[in-house]
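The values are calculated or read from the model by the stated rules, or taken from the named source; none is laboratory data. All values derive from a computational prediction rather than experimental measurement. Here Cβ is always computed from backbone atoms with ideal geometry, including for glycine, and neighbour counts include all displayed protein chains.
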Amino acid sequence: MKQMKKMSEIGLNGLQDDRIKYENKILKSTNPKNHNSDNGQGDILSLPKGWEIKKLGEVVDVLDNLRKPITKRDRIEGEYPYYGATGVLSYVHNYIFSEKLVLIGEDGAKWVSGDNTSFIAEGKYWVNNHAHVIRPNRKVILDEWIVYFLNFSDLTPFITGMTVPKLNQEKMKSIPIPLPTLPEQQRIVSILDKAFSAIERSRNNAEQNLKNAKELFESYLQGVFENGDWETKKWGELCDFVRGPFGGSLKKNVFKESGYVVYEQKHAIHDHFNQLRYFIDEEKFNEMKRFEVFSGDIIMSCSGVTLGRVAIVPDGIPKGIINQALLKLTPKKNVNVHFIKHWLRSSIFQKIIFDYSGGAAIPNVPSAKILKDIKIPCPSLKEQERIVTEIEIVLNESKRLEGIYQRKIDDLEELKKSILQKAFAGELRSPEGAASANDGYSPSEKKNKISPERA
C-alpha cells in the first residue's frame, strides 16, 4: 500500500517538475539575450517546426479603454452580464460589448497555474476595470488557445504590487505565448475540449462521491444519538464549563515572543494544536490560570459560522490558556470525552447551538447558563465506550473513502496540467486525455493499474 502511494506521488511530482521546467523555458525564450545561443543546458525551448514565440501584445488588440466600472449603488438590474476579474458579478440593464472577446483578470484575480485567470465572454455584456479586455487577431491566434495557455501558465512573475497584486497592461502584453499555425491550434484545441469535458465529468462524479461519503457518516452519527434508548442529563451535569476571558484581558501589548501559549479558535475549528502564534509570560499565565487547558479537555469555537466546532486537547501540547473565542469543557467522572465530542459534532447539537444563536448575522454561543441546561443522551460509561468504538470504525472507513475521492480529484487536476504541458510543447498527438478521464482512473491509478477500491 505504502509503495503504491509512493509510486503515485513520484509520478505526479515528475509531471509537476516537467511543467515548471517547460514554463521556465518559455520565459527564457522571450529574453533577447537567449535568442542567439544555447548555454548547452537546454534552457531554450525547442519548439516544433512551424511554431514561434510571440508576446501576447503582438497578437491581440487591447480594448481596456472601453471598460467602465459601475458602483454597486449605481447598478440597475437587467439581463446583461456584468464581468469583473473572476467572471460574472451581476446582471445590468445595459451593455458596452457585443462581440466574442477574451477577458484576463487584472486585479482581484488569481494567477497561479490552474487558476481561471482568463475566460471568454460572448453576446452582449459589460466589463468593469478589473479585467483586461482583448480581441485576438484571429488570422493568427484562437481565443481558446489564449485562454488555455494563460490558465495553464504561472503568471505570478508578471504580477506587480505587494498590497494590491495586479497584472498591469504592460506586463500582460509582455507575456510570451507559443504560436503554432492556426490549423494546428484548431486541432489541439479540439483535443483539449474533448479531454477536459471528460475530465470535468470524472471530477463531478468524484466530488459527488466525496460529498456522499461525508453525508453518509453525518447521517450515521445522527442516527446513533437519535435511536439510542438512554436517559438524558443536562450538559452541566456532565461537564465543567469555562468561557474564555474577556477580550480586554488579552490585549496586544501582553503578548510575548515565547512563553505560555494562547490557544485560538482555529485550534478547535481544525482540530490541531500546532501553528502557535500568541504567547504570554508566567506572570500573566498565573493571573489567568483559570483558563488553562489540560489533556482531555474539549475546546469549542464560540462564534461565527464555525460556532460549535470542537477538538479534544491531546497529550503533550505546550502549556497554555484559551482565548476569548473559545469555551473549555472538562468532562466529569463516568463521562467518556470522545462520546461527548461525537455528540457535539452531530447535526443534532449543531442545530441546537445555531438555533440558540437566534439567527444573528454573526452567530455567538449563548450563555453558560443556557448551555448547561441542554439535554444530552447519557448511557452508562461502558455503553459510551462501546458506542465510541463503533463510531470510530465507521469514521475511519468514511475517511478512507474521502481520501480516495480527494486523491482522484487531485490527480485529475494533475492530468489536466500534464495534457496542457504536452499541448503547448507540440506533443499532443491524440485525445488520450479524454480516454484517461473516461475510464474512471486517475493518472497515478492508471500508471500503476490499480482501481480506487484497491487503493
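What is the residue count in the stretch 164-210 for residues that are among the polar types (S, T, N, Q) and under 22 Å from the mean Cα position of the chain (by Cα)? Lay out the reasoning, then the answer.
So in the stretch 164-210, the residues among the polar types (S, T, N, Q) come out as 168-169, 174, 181, 185-186, 190, 197, 202, 204-205, 208-209.
So of that shortlist, the ones also under 22 Å from the mean Cα position of the chain (by Cα) come out as 197, 202, 204-205, 208-209.
So the count comes out to 6.
Condition first: exposed (fewer than 12 other Cβ atoms within 10 Å of the Cβ) and free of Cβ contacts under 8 Å to residues at least 24 places away in the same chain. Now tell me which residues in the stretch 337-366 satisfy that.
First pass over the stretch 337-366, keeping only residues exposed (fewer than 12 other Cβ atoms within 10 Å of the Cβ): 355, 358-362.
Within the stretch 337-366, ASP355, GLY358, GLY359, ALA360, ALA361 meet the criteria.
Any residue at all in the stretch 125-134 that's in contact with a Leu (Cβ under 8 Å, 6 or more places away or on another chain), under 25 Å from ALA425 (Cα atoms) and not β-branched (Val, Ile, Thr)?
First, pick out the residues of the stretch 125-134 that are in contact with a Leu (Cβ under 8 Å, 6 or more places away or on another chain): 127-128, 131-134.
Remaining after also requiring under 25 Å from ALA425 (Cα atoms): 134.
Subsequent filtering for residues that are not β-branched (Val, Ile, Thr) retains none.
No, every residue in the stretch 125-134 fails to be in contact with a Leu (Cβ under 8 Å, 6 or more places away or on another chain), under 25 Å from ALA425 (Cα atoms) and not β-branched (Val, Ile, Thr).
Matching residues to (1) of a type outside the set (D, E, K, R); (2) modelled with pLDDT of 90 or more:
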site: ILE321; (1), (2): yes, yes
site: GLN324; (1), (2): yes, yes
site: LYS328; (1), (2): no, yes
site: PRO331; (1), (2): yes, yes
site: ILE340; (1), (2): yes, yes
site: ILE348; (1), (2): yes, yes
site: LYS351; (1), (2): no, yes
site: PHE354; (1), (2): yes, no
site: ILE362; (1), (2): yes, no
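Please work out which residue is surrounded by the fewest Cβ atoms within 10 Å (Cβ to Cβ), limiting yourself to the stretch 236-286 and to residues that are touching a Leu at 6+ places or on another chain (Cβ under 6 Å) and in a strand (DSSP E or B).
The selected residue is ARG243.
Please go through the stretch 299-322 and pick out each residue that is over 27 Å from the mean Cα position of the chain (by Cα) and crowded, with 18+ Cβ neighbours inside 10 Å.
Result: GLY320, ILE321, ILE322.
Report yes if TRP145 is closer than 26 Å to ALA425 by Cα and aromatic (Phe, Trp, Tyr), otherwise no. Outline the logic, then answer.
Details: closer than 26 Å to ALA425 by Cα: yes; aromatic (Phe, Trp, Tyr): yes.
Spelling it out, TRP145 is indeed closer than 26 Å to ALA425 by Cα and aromatic (Phe, Trp, Tyr).
Would you check if PHE119 is in a helix (DSSP H, G or I) and either within 28 Å of GLU414 (Cβ to Cβ) or not assigned by TED's automatic domain parsing to the domain that holds LEU167 (or both)? First the steps, then the outcome.
Details: in a helix (DSSP H, G or I): no; either within 28 Å of GLU414 (Cβ to Cβ) or not assigned by TED's automatic domain parsing to the domain that holds LEU167 (or both): yes.
No, not satisfied.
For the stretch 353-365, indicate whether the set of residues that are over 29 Å from the mean Cα position of the chain (by Cα) and over 17 Å from VAL224 (Cα atoms) is non-empty. Explain how you work it out, then say what you get.
Here is the first cut: in the stretch 353-365, the residues over 29 Å from the mean Cα position of the chain (by Cα) are 356, 358.
Subsequent filtering for residues that are over 17 Å from VAL224 (Cα atoms) retains 356, 358.
Checking the stretch 353-365: at least one residue is over 29 Å from the mean Cα position of the chain (by Cα) and over 17 Å from VAL224 (Cα atoms).
Where in the stretch 320-392 are there strands (runs of 3 or more DSSP E), lying wholly inside it, with at least 1 residues that are under 16 Å from LYS233 (Cα atoms)? Full working, then the answer.
Numbers: elements: 320-322, 326-331, 375-377.
Filter on the stretch 320-392 gives 326-331, 375-377.
On the basis of being surrounded by 16 or more Cβ atoms within 10 Å (Cβ to Cβ), touching a residue at least 60 places away in the same chain (Cβ under 8 Å) and within 21 Å of PHE217 (Cβ to Cβ), does ILE404 make the cut? I'd like the intermediate steps shown before the answer.
On the way: surrounded by 16 or more Cβ atoms within 10 Å (Cβ to Cβ): yes; touching a residue at least 60 places away in the same chain (Cβ under 8 Å): no; within 21 Å of PHE217 (Cβ to Cβ): yes.
So ILE404 fails the test.
Do you know which residues across the stretch 367-384 are surrounded by 14 or more Cβ atoms within 10 Å (Cβ to Cβ) and closer than 15 Å to GLY228 by Cβ?
ILE376, PRO377, CYS378, PRO379, GLU383, GLN384
Of all residues in the stretch 63-95, which are assigned to a loop (DSSP other than H, G, I, E, B), out of contact with any Gly (no Cβ under 8 Å at 6 or more places or on another chain) and loosely packed, with under 15 Cβ neighbours inside 10 Å?
LYS68, PRO69, THR71, ILE76
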